[in-house]
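Written below as structure tokens is the structure these notes are about.
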Amino acid sequence: MATKSSAEASDYAAGVIAGDRAKLARAITLIESRNPDHHKTAQAMLVELLPRTGKSQRIGVSGLPGAGKSTFIDAFGTMLTGLGHKVAVLAVDPTSSRSGGSILGDKTRMARLSQDPNAFIRPSPTGGALGGVARATREAILVCEAAGFDIILVETVGVGQSEITVSEMVDFFLVLMIAGGGDELQGIKKGVLEIADMIAVTKADGENTTRAASTAADYQHALRIITPMGALWQPPVVTISAMENRGLDGLWQKIQLHHKTTDAAGAWTGKRKTQDVRWMWAMVEDRLMTTLKNDPGVKTLVSELERAIADGAITPGLAAERILKTFGATER
């Protein structure tokens with residue numbers, strides 16, 4: 001006899017597979033929930049959906065403030081749906097509990113895509129913790145794939161670690177940059193260049209066209225002195241104008257070339273498998289930390305230890321040992 005949880009999971013899965021948008025949205029809300037019963041139902045649903053996942057192209061989109069991510073996604077996503085694709089837009093935003101998440105506002109600026117029947121835009125969950133937001137986004141990708149979306153755009157709204165997190169859940173990581181006099185090159189993080197599969201200099205239109213081309217040349221030079229992630233692909237730098245739909249088709253052709261090149265060498269599938277294993281361990285760490293912090297004995301001890309550390313009465317290392325001993329962890 002089916003349990004209530006398994007029956008609900010099957011109902012969600014059936015709705016997602018049937019293309020029910022309301023059920024799809026509720027399924028992602030279920031994934032985002034921190035309720036243990038919801039988590040159990042969500043995992044059962046994902047098991048049912050798993051055979052229908054993994055067939056999309058997952059593209060990460062990051063960029064400096066002012067680079068025009070929402071304008072780009074609106075134009076690029078609309079171009080893709082025009083080519084017959086179904087596009088889902090998700091976000092990773094660990095700051096959303098404070099700001100509401102920029103994609104919440106950006107959705108209103110994605111005027112065409114938000115009205116497109118072949119597109120689905122989902123803001124990141126509020127809650128703040130990057131680990132939790134990343135888990136929800138990863139699982140939302142699977143749900144969207146099962147719903148028939150063959151291109152998933154994952155926008156990183158936050159900065160720093162969120163860019164790394166997004167790069168580890170997608171097949172292709174696109175970084176948007178703005179044209180300038182070169183000063184931005186001084187401040188760009190080397191880490192971002194190291195994980196980029198392509199850099200696109202945006203707003204290459206009007207009087208900014210020449211400056212964009214010059215900036216693109218600067219970034220291409222910077223990429224040459226950084227060891228590429230793999231020998232199969234040298235990240236290109238392109239110029240685009242989302243406002244004038246210029247360069248978007250060429251950008252898409254390069255993403256397809258990357259897919260074809262890495263897939264032929266077995267690297268595309270290998271990357272997916274490596275990401276899945278890393279995902280497993282990330283979830284183990286996340287669940288362990290949640291369990292540890294909710295342990296009654298640890299909760300009682302934490303305030304005391306934090307005061308002792310602040311007062312210089314104990315080292316952080318010794319405090320950590322006391323927490324682990326209280327939790328029941330011992331060195332082996």
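Here are some notes:
- Estimated at the nearest 10 Å², the accessible area of Val89 is 0 Å² with a 1.4 Å probe.
- The distance linking the stretch 1-55 with the stretch 293-325 is 39 Å (Cα centroid to Cα centroid, whole angstrom).
- Net length available on complete extension from Ala217 to Gln161 is 17.5 nm, with 0.36 nm assigned per residue and the Cα-Cα distance removed.
- The magnitude of the dipole of the stretch 205-332, with charges of +1 and -1 set on the Cβ of Lys/Arg and Asp/Glu and taken from the Cα centre, is near 440 debye.
- Met198 long-range amide H proximity, modeled H, under 5 Å: Phe173, Val175
- Farthest positive-ward along the stretch 202-332 dipole, Cα basis, beta-carbon charges - from Val277, Ala204, Gly297: Val277
- Dipole magnitude for the stretch 280-324: about 100 debye, using +1 per Lys or Arg Cβ and -1 per Asp or Glu Cβ, origin at the Cα centre.
The values are calculated or read from the model by the stated rules, or taken from the named source; none is laboratory data. In this text the structure is predicted, and so the values were computed from the model without any measurement. We place every Cβ from the backbone using ideal geometry, glycine too, and count neighbours over all the protein chains shown. We work out accessible area using only protein heavy atoms, side chains counted, and drop any ligands, DNA or RNA first. Shrake-Rupley method; radii C 1.70, N 1.55, O 1.52, S 1.80 Å.
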